[in-house]
Every structure is written in structure tokens, then in C-alpha cells.
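No lab work stands behind these numbers, since they all come straight from the coordinates. Keep in mind that this is a model prediction, so the values were computed, not measured. Ideal geometry is used to build each Cβ from the backbone, glycine not excepted, and the neighbour counts take in all protein chains shown.
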Amino acid sequence: MKAKAILQSGKLFAALGAASATTAHADDKQAPPREFAAKVHYCTTCHGVSGQGFRGFYPIPRLAGQQPDYMKNQLLAFTQKRRTNTIMFSVAHVLSPEMLSALSSHFNKLDPKPLGGGPARLASEGKTIFTQGVSATNVPACATCHGDTAAGNGEIPRLAGQLSDYVVAKLANWDKERGQIASQPDASALMEPIAHGLTPDQIKAVAAYVSTLE
Ligand code: HEC
Ligand code: HEC
């Protein structure tokens, strides 16, 4: 399958895979990197005390329960400018590899209630899109990659409990923010045709649905 091929053949995947294979067990036992607690505190000033996300001037995404490999890859993507965001570039480019792993593992273990936020009346249409896709426009079911419970897997993110307005903004701006270095294709390429294939109303519906999942 194309999805698997991109994820498994990418150099980045290989590098991350190798790194997590050797550190996966070490993460829990090793002493946290210096300044770890202060760094977590810093992240939570924007992402919420339990990593539940924050709805302010613009939506700040939930990190709680996020897949560690996805999170590490996004932090590297901000640093390398494969993914554009000026705030997160400043935050991420100073983080050491040990800190990236420790932070990703820390937020993965948190499980606060979702903030939700999408209109409840859209959730059932959103569920249909999530579980069945949109056959008229060849959009595959989100569940095939993100999982039946939207928990994600590896470099595929958890969507469960993600802020609906954040999801809407990411899907609407996919091309302008992700995969910005043509010579360094990454997992964002898998989502590009999917984000494109959804109408604004379908995006709102699927975002409302995933925002309620625990
Ligand atoms: C000043 C506010 C601020 C701080 C501090 C901050 N972030 Fe962020 N973060 C954001 C915003 C805003 C976004 C959304 C970027 C976008 O829309 O693409 C974001 C996005 C992210 C994402 C991408 C999430 C996803 O679902 O793709 C990760 C991962 C992340 N931040 C991790 C961290 C970590 C780890 C720290 C602490 C070291 C941190 N952030 C500190 C504001 C902040
Ligand atoms: C072929 C596999 C695949 C399918 C099907 C798929 N996704 Fe994704 N999705 C991914 C991957 C891989 C990423 C991570 C992209 C990256 O690294 O930038 C992602 C990322 C996302 C993000 C960004 C999350 C964040 O925290 O920033 C959203 C939102 C999303 N997908 C929504 C959907 C929706 C809605 C559907 C169904 C209509 C869907 N996806 C179907 C593979 C898939």
C-alpha cells in the first residue's frame, strides 16, 4: 500500500524508527534531561496544564495522548521548516534529541478530558466520513490510518480529543504549512490529497466528531 511504502521507505522514518527502538525502554528508566521539568512547564503555558490544548486567539493543539513518533517528527519538521509555524520554530529548534524524546513520552502519557468544541449536530456526519470516507471524491476512511478510535499509530497522529478549530485550520491550510521542502518529502504527503478532497463543510463535520472522542 502506498501509505505504508512512504512511511516505511522514508529516510526520516528509518532514522526515527532506529532512534525509538534503542531508546524506547531507556526513556522510562533514564534520568530526565536537565531542565526537563522547566521545559514541560513552558510547553504547558500554551498547550494547557495537562496538555489538553487551549482555545485563545488561535487554537493551540492538544498534546495529551499524542503518538511519540508523530510528535518527535513534527518538532523536527518545525525546526527544519518542513512544517511552517514561527512560534513552534522558536520553541523546537533549541530542543536536544534527548529532550524531544522525553517530552514526547511525557505528553503521550497524559489523558485529560477532551476540550471538544465542534458543533454537536455535525458529529454524526463526521462519524460517517471518519469511518467510511467520501466515495464520490475518493477520500478514504480516516479510520484506516488514524485507527477506529482515532488513537493514531507511529507517525500517524492521534486525532481523538483534538480541538475542532485546530483540526479545521490544519486541513484547510495543509499545502501552505506541511511538506514545505520538496527535496525532503515526509508523511505529510499522505494527507495532502485527503485534505484537498474534503469540502469546508465536511472538514467541519469530521473535526467536530474527532474532538469529542476520548
Ligand atoms: C507560545 C506558545 C507555545 C509554546 C510555549 C509551545 N507551543 Fe507547541 N504549539 C503552539 C501552537 C500555536 C501550535 C500550533 C501550530 C500550528 O497551528 O501549526 C503548536 C503546535 C505544537 C505541536 C504540533 C501538534 C500537532 O498536533 O501537530 C507540537 C508537537 C508542539 N506544539 C509541542 C510543543 C512542546 C513540546 C512545547 C514545549 C517545549 C511547546 N509546544 C511549546 C504554541 C506553543
Ligand atoms: C493514508 C493514511 C491516512 C488517511 C486515510 C488519513 N490520514 Fe490524516 N494523517 C496521516 C498522516 C501520515 C498524518 C501526519 C502528517 C504529517 O506528518 O504532517 C496525518 C495527519 C492528519 C492531521 C493533522 C493532525 C495534527 O495534529 O496536526 C489531521 C487533522 C488529519 N490527518 C485528519 C484526517 C482526516 C479527517 C482523515 C479522513 C478524512 C484522514 N486524516 C485520513 C495519514 C492519513
Taking only the alpha-carbon positions of region 120-212 and ignoring solvent, what does the Debye formula give for the base-10 log of I(q)/I(0) at q = 0.22 Å⁻¹?
-1.16
How much length is gained on full extension from Ala151 to Ala172, taking 0.36 nm per residue of separation minus their Cα-Cα distance?
5.4 nm
With axes computed from alpha carbons, what is the tilt in degrees of helix 68-80 against the longest principal axis of the chain, rounded to the nearest 10 within 0 to 90?
80
Compute and list, largest first, the equivalent-ellipsoid semi-axes of the chain from the alpha carbon gyration tensor, each √(5λ) rounded to a whole angstrom.
27, 20, 16
Computed label-point distance, nm, for sites Gln180 and Ala31 using a 7 Å Cα→Cβ extension
3.8
